[in-house]
1. Within the set of pairs 6 or more residues apart or between chains, which connect a residue that is in a strand (DSSP E or B) inside the range B:234-257 to a residue that is at pLDDT below 55 with Cβ atoms less than 6 Å apart?
2. Looking at the range B:15-28 only, could you name the residues that are within 14 Å of ligand 1 (Cβ to nearest atom) and small (Gly, Ala, Ser)?
3. Restricting to the range B:152-161, give me the number of residues that are within 11 Å of another protein chain (Cβ to nearest Cβ) and within 16 Å of ligand 2 (Cβ to nearest atom).
4. Mind listing whichever residues of the range B:23-35 are under 19 Å from B:Asp58 (Cβ atoms) and either surrounded by fewer than 19 Cβ atoms within 10 Å (Cβ to Cβ) or β-branched (Val, Ile, Thr) (or both)?
5. Would you check if there is a residue in the range B:196-216 being part of a loop (DSSP other than H, G, I, E, B), closer than 27 Å to B:Glu9 by Cα, at pLDDT 90 or above and in contact with a Gly (Cβ under 7 Å, 6 or more places away or on another chain)?
6. So, in the range A:46-85, of the ones that are β-branched (Val, Ile, Thr) and surrounded by 13 or more Cβ atoms within 10 Å (Cβ to Cβ), which residue ends up farthest from A:Ala167 (Cα to Cα)?
7. In the range B:34-43, what residues are closer than 22 Å to A:Ser191 by Cβ, within 12 Å of ligand 1 (Cβ to nearest atom) and either touching a Ser or Thr at 6+ places or on another chain (Cβ under 9 Å) or in a helix (DSSP H, G or I) (or both)?
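The values are calculated or read from the model by the stated rules, or taken from the named source; none is laboratory data. Quantities reported herein were computed from a predicted structural model and do not represent experimental measurements. Here the Cβ is made from the backbone with ideal geometry for all residues, glycine too, and neighbour counts use every protein chain on show.
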Amino acid sequence: MTRLWEAVWKGQRGTPAWAKLLVLALPALAFLLVLFYIPLGRVFVEALRKSGEGDAAPALATLRDPYFWQLLRFTTVQALYSAVGSLIIGFPLGYILANRTFPGKQLVQATTLVPFVFPSVAVALGFLVFFGHNGWLNRVLFALFGLRVQILYSLWGIVLAHSFYNAPVVARTVHAAWSRLDPAYEEAARSLGAPLCTRFRTVTLPLIVPGIVTGTLLAFIFSFFSFSIVLALGGSRFATVEVAIYTQVRVLLDYATGSALAMWQTVSSLLAAFLYLGVERRFITGLPLSRPRAVPPLFRWSPLNCALWLYLALLLVFYTGPMLAVVIDSFQGPDGRWSLAAYQQVLFGGYDRRLTDTPGQALRNSVTFAAGSLAFALPLGTLFAYALAHMGRAARGWGARWLVLALETFALAPLMVSSVAFGFAALRAYRTGIMASLEITPQLAIVLAHGVLALPFIVRSLRPAFEQLDRRYVEAARSLGASRSEAFFDVELPLALAAVLVGAALGFSLSVTEMSATIMLARPGLNTLPISLYQHLAARNFSAASAMAVLMVLFTAAALVGMDRLARRWLGPR
Amino acid sequence: MEQPYLAVESVSKRFGSVQALDRVSLSCRRGELVAVLGPSGCGKTTLLRIVAGFEIPDLGSVRLGGIPATHLPPEKRGVGLVFQNYALFPHMTVGENIAYGLRFVKGLKRGDIAARVESLLELVDLPGYASRRPDQLSAGQQQRVAIARALAPEPRLLLLDEPLSALDVSLREQLRLHIRRIQRELNLTAVYVTHDQEEAMSVADRIAVMRDGRIEQFGTPEEVYEQPRTAFVASFFGRTALVPVRLAAPDTEFMTGRPGPDALAVLRAESVRPFGPGVPLRGRLEELEFLGHAVRLQLRGEFGTVWATAPRTEVDAWRRRRGEMVTVYFRPEETPTVPAGSHREE
Ligand SMILES: Nc1ncnc2c1ncn2[C@@H]1O[C@H](COP(=O)(O)OP(=O)(O)O)[C@@H](O)[C@H]1O
Ligand SMILES: [Mg+2]
């Protein structure tokens, strides 16, 4: 009992007391509770409440509806195929990044960040322009063989786009697992006489499995909850649960079905989150390698290297094709000649004002929302990550560990919960019930929603930084006379600054590229860049959409490079 | 004379700007244990990895059992390797780890494998541990499993890379005897890398002392101890002072502290005493350490710093004399010398 008391109130072995840590965690917890959990809870209530005598609650009625099961089946099947596709495309890249050097490797490595900073609606646009009926691929095929292939508006189009989008995720996790694999294991197997294939099967593969599983699982989850790509490429026939919620709420205005779908979607996304966190924790890290992995050049001749070159070349076409197509398309007029008409159109009007906002307006909106949401999320997330890191360190016994896991899940849930469901929940919550009296303006609603969605990114990038920070630095500072909070501001925060900036950059790009929650909350005058893009795309004005995409990517890239510069200046040469 | 089983001939290896090995030659006869001794970073691991086949030397060759093996892949060499941090497969049990190398031995039945795993576990004093996981074992136990695993396919040569460096002192002393016993029992040919001179002396038939990628001396433990060829080798063993001397007439005229010395006398603490006979050295008693079995004195004079050993019973007397001028003696006939040119200011 006294030990528990000490752990809670006085702290042990140089870690702050749990009570203090909980106080630090409180603002973020309250923020999420009010703006995330209560709104979602209200959706649950709506979904489970009977509308009249004899009626079943919408959530139960949905379960009896074959349409729902069909929807769920399609969502799951496409996500499974997409996960496998991502694995097939991403695995070799992860291998190459961990085991070879080649000119341009840095660039390739940087592009694996694409899914995190690139709006998926732009990917959808790229696919439309490249693989569409009159797209580049078909034009080439028609010119060469006189045939066209129908890829889009089918299951495979969606799967292909999802694989394109998520393969870099698999590549990243595989790369990480592989570079953390001590080469001594493979060498031990070799010295015991194991030939290459056996070595790979019995030693390498089992030890990088965590990387493969987490990457593929992430790809599955992202594809399961993907919105913009399906919205843009699914046509009228193919919809996932996410898209169905949007259609029910924003098009058909059927809030009952909308809340039922949103509820089930939330349940499944929380299950997925739990599954993911469980798998991720099995990643054993921290052990330093006995020697760095050898990374021989890819240029050296060997059959494997030739295959890898071929693969990289295909990857280049697959990835640059759609992007290049978008850029070129944006410079083409309706007659196929070079022109700046599309840019003129999106920049200086000549478009339908009822359709969408001007790019200037969209840009202004995007910047406001991003800055506003970071102003909330960054301090809250930093404090929370700090508290979580120290609790995780001090946690002994299963009770404490479960508390830490529960807190972590609580804060990370927005990352995993379907954004459309959340957008819908926010939409309902801010307009009805107690919160209606707060008179949250639509602008503020979007800012808060982005803050909720950015928070987990910030927590995730900061927690390891605080966790890995050698606690002797703090002890040194304190032994030299600093108070606990002075030690935090003088030692811990500066050392974690790089991670804070990474978190800020992630939060920023999330806010700028976010479309699913935003589209639920947006209204004319509040459209962001991706929504504007989608509206051009939905109006089948591909050139304008392309011009919009180019502007948007340029803006995002400029902002991220600017942040990077800033970070380097602050952090100094390291 | 019998042909050595392992013959490393004039091997050089460079990593970028670092010359990790510079014309290193080493041989190891059947049933012999050769220790490679040197400070960290001198190239010991690189040498071992070349013998194991994980690195290809830039120059020179490796022969195993008389057959050129420089370019032979590691899995075809029949060379067992015990890694510095063991590298036990974390996803396999102890038994599976040991059995791993037996998968590639032709004609072994399942029952044979199980029996062999159990007998290897007995050999390393871990009977009944087959179903444990490596992370459930202590460092010392992991170390022994690593040895059992390397021995399982009956390698013709066993390489050990600082096998005990992660363990504490008493365990190290116990395990090095254990390793030596196994090596004798199985008549293994082995190369044992270490940076601990005492460990090298205790386990090895012959010691190769390395420094900066070169072998400075290769000989029996007695040879490298009693007849060091360079100042580096001399100062590697024990608390040793190197005092410039002039070899005017050997045995009689060791004249210390003069300019233009011919040689350096290797004065080990245990062979310098505070009583005659011998050549006297006079200096101020700076420090003394009570070692339990003896007292070690540190003197500073015009010749530099010298250590001497006094009987343990005199500890109080010496404590009182701290700071005074004292005289100690060494016997020229039992004092090796090394060429003055081999001295290096550290
Ligand atoms: N793969 C490598 N790449 C670059 N330098 C290396 C590599 N392996 C060893 N070295 C360098 O070669 C030298 C000898 O290393 P090593 O053989 O590991 O020494 P030891 O085992 O005696 O401590 C060191 O300076 C080390 O940094
Ligand atoms: Mg070494």
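1. From residues that are in a strand (DSSP E or B), the pairs are B:Val243/B:Thr256; B:Val245/B:Thr256; B:Arg246/B:Met255; B:Arg246/B:Arg258.
2. Selection gives B:Gly16, B:Ser17, B:Ala20.
3. 2
4. Answer for the range B:23-35, where residues must be under 19 Å from B:Asp58 (Cβ atoms) and either surrounded by fewer than 19 Cβ atoms within 10 Å (Cβ to Cβ) or β-branched (Val, Ile, Thr) (or both): B:Arg23, B:Val24, B:Ser25.
5. yes
6. Within the range A:46-85, the first condition is being β-branched (Val, Ile, Thr), and the residues that meet it are A:62, A:75-77, A:84.
Those left that are additionally surrounded by 13 or more Cβ atoms within 10 Å (Cβ to Cβ): A:62, A:75-76, A:84.
Details: A:Thr62: 33, A:Thr75: 18, A:Thr76: 18, A:Val84: 9 Å.
Once the filter is applied, the top-ranked residue is A:Thr62.
7. Residues of the range B:34-43 closer than 22 Å to A:Ser191 by Cβ: B:34-36, B:43.
Filter once more, so that each one left must be within 12 Å of ligand 1 (Cβ to nearest atom): B:36, B:43.
Listed by number, the list holds a single entry, B:Val36.
For (1) farther than 16 Å from A:Ala449 by Cα; (2) in contact with a Pro (Cβ under 9 Å, 6 or more places away or on another chain); (3) in contact (Cβ under 8 Å) with a residue 40 or more places away in the chain; (4) part of a helix (DSSP H, G or I), each residue gets a yes or a no:
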{"residue": "A:Val502", "(1), (2), (3), (4)": "yes, no, yes, yes"}
{"residue": "A:Ala505", "(1), (2), (3), (4)": "yes, no, yes, yes"}
{"residue": "A:Leu510", "(1), (2), (3), (4)": "no, no, yes, yes"}
{"residue": "A:Met520", "(1), (2), (3), (4)": "no, no, yes, yes"}
{"residue": "A:Arg523", "(1), (2), (3), (4)": "no, yes, yes, no"}
{"residue": "A:Ala547", "(1), (2), (3), (4)": "yes, yes, yes, yes"}
{"residue": "A:Met563", "(1), (2), (3), (4)": "yes, no, yes, yes"}
